[in-house]
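Data first, discussion second: the structure below is written as structure tokens.
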Amino acid sequence: MQKPLEAEVLDGDPQHDPDRESVRRSAEALARILDTAIPIPGTSVRIGLDPLIGLLPGIGDALASLIGSAILVMASQLQVPKVVMVRMSLNLLLNGMIGALPVVGDLFSIWFRSNARNAHLLRRHSSATYRPSSGADWVFVFVVIIATLALTLGTILGVLWLVARLWELVN
């Protein structure tokens, strides 16, 4: 029996693969939860859990970066080019580092929306022909996530140390 023309067109097309589309939609849903899930009444501004979690002193921004790194894992599953994954990691890193600054960082997080940017990059760069992920791809993703979290945590600890030193000077 011959396949219908539509099936021939869709076979092997990563844009129309239901499993890949499911991963793309999951990334977009996570980005929406983290960046734009909650409307602020009386404004057109929407915030997500990312800036709210970031309000937790010390660990909030690291936790938000850890949750956002799930989009990096999805990007690896979809064989997004490594250079794009580095860009996605830099978005998380920038959000986490600036997010560590009290108040200013949370406002930056609301504006920057690193997770929405990453979900957009994932969608845009996961539509090309793909190949199975190799062990090296997973090592790369793991190293980038660990480095991003370490730099974010280092920044947070640096800000806390600076605040403690300033507090000592004031008292």
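The values are calculated or read from the model by the stated rules, or taken from the named source; none is laboratory data. Keep in mind that what you see is a predicted model, and the values were worked out from it rather than measured. With ideal geometry, Cβ positions are generated from the backbone for all residues, glycine too; neighbour counts draw on all protein chains shown.
Identify, from the list A75, A62, A31, the residue that is outside any loop (DSSP other than H, G, I, E, B), at pLDDT below 90 and of a type outside the set (D, E). Steps first, please.
On the way: A75 fails: at pLDDT below 90; A31 fails: at pLDDT below 90.
Within the list A75, A62, A31, the selection yields A62.
Among T155, T129, which is the only one that is modelled with pLDDT under 90, more than 18 Å from L52 (Cα to Cα), of a type in the set (V, I, T) and surrounded by fewer than 11 Cβ atoms within 10 Å (Cβ to Cβ)? Let's see the steps before the verdict.
Values: T155 fails: surrounded by fewer than 11 Cβ atoms within 10 Å (Cβ to Cβ).
Exactly one of T155, T129 is modelled with pLDDT under 90, more than 18 Å from L52 (Cα to Cα), of a type in the set (V, I, T) and surrounded by fewer than 11 Cβ atoms within 10 Å (Cβ to Cβ), namely T129.
Could you say whether any residue in segment 84-98 is more than 18 Å from the chain's Cα centre (by Cα) and either loosely packed, with under 15 Cβ neighbours inside 10 Å or closer than 29 Å to S22 by Cβ (or both)?
Scanning segment 84-98 turns up no residue that is more than 18 Å from the chain's Cα centre (by Cα) and either loosely packed, with under 15 Cβ neighbours inside 10 Å or closer than 29 Å to S22 by Cβ (or both).
Inspect all residues belonging to segment 47-55 and state whether any of them is touching a Leu at 6+ places or on another chain (Cβ under 6 Å) and of a type in the set (A, V, I, L, M).
Scanning segment 47-55, I find at least one residue that is touching a Leu at 6+ places or on another chain (Cβ under 6 Å) and of a type in the set (A, V, I, L, M), so the answer is yes.
Name the single residue that is modelled with the lowest pLDDT among those in segment 93-126 being closer than 15 Å to L52 by Cα and of a type in the set (S, T, Y).
Filtering segment 93-126 for residues closer than 15 Å to L52 by Cα gives 95-96, 98-115.
After this cut, where a residue has to be of a type in the set (S, T, Y) as well, the list is 109, 114.
Details: S109: 91, S114: 94.
Among them, the one singled out is S109.
Considering only segment 17-56, state which residues are surrounded by 14 or more Cβ atoms within 10 Å (Cβ to Cβ) and small (G, A, S).
Passing the criteria: S26, A27, A31, A37, G48, G54.
Starting from segment 145-161, take each residue that is on the phi > 0 side of the Ramachandran plot and list its partners that are part of a helix (DSSP H, G or I), counting only C-beta distances under 6 angstrom and pairs at least six apart or across chains.
Hits for this filter: zero, empty list.
So for segment 109-127 (the condition being among the hydroxyl-bearing types (S, T, Y) and under 25 Å from P39 (Cα atoms)), does at least one residue qualify?
So in segment 109-127, the residues among the hydroxyl-bearing types (S, T, Y) come out as 109, 114, 126-127.
If we keep only those that are under 25 Å from P39 (Cα atoms) too, we end up with 109, 114.
Within segment 109-127 (the criterion being among the hydroxyl-bearing types (S, T, Y) and under 25 Å from P39 (Cα atoms)), the answer is yes, since at least one residue qualifies.
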